[in-house]
1. Residue pairs, Cβ under 9 Å, 6 or more apart or interchain, first in segment 71-94 and in contact (Cβ under 8 Å) with a residue 24 or more places away in the chain and more than 16 Å from residue 186 (Cα to Cα), second near the ligand (Cβ under 8 Å from one of its atoms) and part of a helix (DSSP H, G or I). List them.
2. Taking residue 87 as the residue in question, decide whether it is within 14 Å of the ligand (Cβ to nearest atom) and at pLDDT 95 or above.
3. Which pairs do you get when a residue that is farther than 12 Å from residue 148 by Cα and assigned to a loop (DSSP other than H, G, I, E, B), found in segment 165-192, comes within reach of a residue that is within 11 Å of the ligand (Cβ to nearest atom) and modelled with pLDDT under 95, reach meaning Cβ atoms under 7 angstrom, with the pair 6+ apart or on two chains?
4. Out of 172, 129, I need the residue that is closer than 28 Å to residue 41 by Cβ and more than 10 Å from the ligand (Cβ to nearest atom). Which one?
5. Could you say whether any residue in segment 25-42 is within 30 Å of residue 159 (Cα to Cα) and in contact (Cβ under 8 Å) with a residue 60 or more places away in the chain?
6. Can you tell me which residue is nearest to residue 140 (Cα to Cα) among those in segment 165-184 that are surrounded by fewer than 21 Cβ atoms within 10 Å (Cβ to Cβ), at pLDDT 95 or above and more than 13 Å from the chain's Cα centre (by Cα)?
7. How many residues does segment 132-147 contain that are near the ligand (Cβ under 10 Å from one of its atoms) and part of a loop (DSSP other than H, G, I, E, B)?
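The values are calculated or read from the model by the stated rules, or taken from the named source; none is laboratory data. None of the values given here were measured: they were computed from a predicted structure. Neighbour counts are summed over all protein chains in view; Cβ atoms, including those assigned to glycine, are modelled from backbone coordinates with ideal geometry.
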Ligand code: N1C
């Protein structure tokens with residue numbers, strides 16, 4: 001798809017909603033300035049040449065203030081993770097200002113034009129990895145993971161053959177950036193009514209375990225949890 005229609009208006013609306021209603025306690029932020037910084041990160045640029053540097057000003061303006069010891073990561077379990085975090089007073093990246101602003105949106109520009117491209121933005125798999133949306137989530141995810149402390153939870157999809165996907169953002173960006181001495185609590189949650197397809201002793205989770213042990217991140221894993229049981233008991 002191309003950029004989400006009314007991208008700028010959505011960013012602005014969400015920014016006021018977040019800073020005034022959802023977290024009015026968060027330090028005062030200028031939504032016009034944040035919107036401008038977001039736009040100038042990618043407008044008029046080659047949509048396949050995004051760099052972390054492009055988002056620097058935006059990140060500086062909107063640095064997250066969520067607690068470091070209450071973070072929930074996920075891969076292929078977004079809605080469940082949101083629900084779980086809400087229930088337990090924990091936070092996902094969508095609970096930070098920038099994660100909240102960009103959630104479910106698409107955006108890219110084109111060289112020589114002051115407008116968003118509304119017909120087609122590059123795809124990570126088909127076109128280029130350094131597209132503006134992917135790089136945005138990578139920068140945000142990296143910062144979210146590297147500044148986490150205490151116990152970090154991750155919800156992985158136990159209905160997939162490889163619940164841990166090395167090519168996902170969790171696999172290539174978040175897990176390798178956790179700090180030493182953090183504990184990663186892995187929950188393998190599968191669809192209700194179906195048998196789980198991966199487990200804590202499966203090869204994908206073993207790979208995750210080895211990435212973590214190199215970094216001195218402690219590892220706890222629980223599997224065989226159906227979605228309903230997980231939300232009720234964990
Ligand atoms: O690639 P993933 O999941 O492993 O990424 C999820 C991981 C989470 O722990 C989040 O902290 O990375 C963070 N994150 C988001 O918060 C996020 N919101 C929306 C990463 N990506 C996010 N998106 C979009 O969904 C983005 O376009 C990315 O590519 C997908 C992630 O899907 P996934 O494979 O389920």
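1. Listed by first residue and then by second, the contacts come to 93/99; 93/137; 93/140; 93/141; 93/144.
2. On the way: within 14 Å of the ligand (Cβ to nearest atom): no; at pLDDT 95 or above: yes.
Considered against the rule, which asks whether it is within 14 Å of the ligand (Cβ to nearest atom) and at pLDDT 95 or above, residue 87 comes out as no.
3. none
4. Matching residue, one of 172, 129: 129.
5. In the first step, residues of segment 25-42 are kept if they are within 30 Å of residue 159 (Cα to Cα); the result is none.
No, there is no match, as no residue in segment 25-42 is within 30 Å of residue 159 (Cα to Cα) and in contact (Cβ under 8 Å) with a residue 60 or more places away in the chain.
6. The residue in question is 177.
7. 0
Every residue, every condition in (1) surrounded by fewer than 20 Cβ atoms within 10 Å (Cβ to Cβ); (2) touching a helix residue (DSSP H, G or I) at 6+ places or on another chain (Cβ under 9 Å), yes or no:
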| site | (1), (2) |
| --- | --- |
| 93 | no, yes |
| 104 | yes, no |
| 114 | yes, no |
| 117 | yes, no |
| 120 | yes, no |
| 129 | yes, yes |
| 139 | no, yes |
| 149 | yes, no |
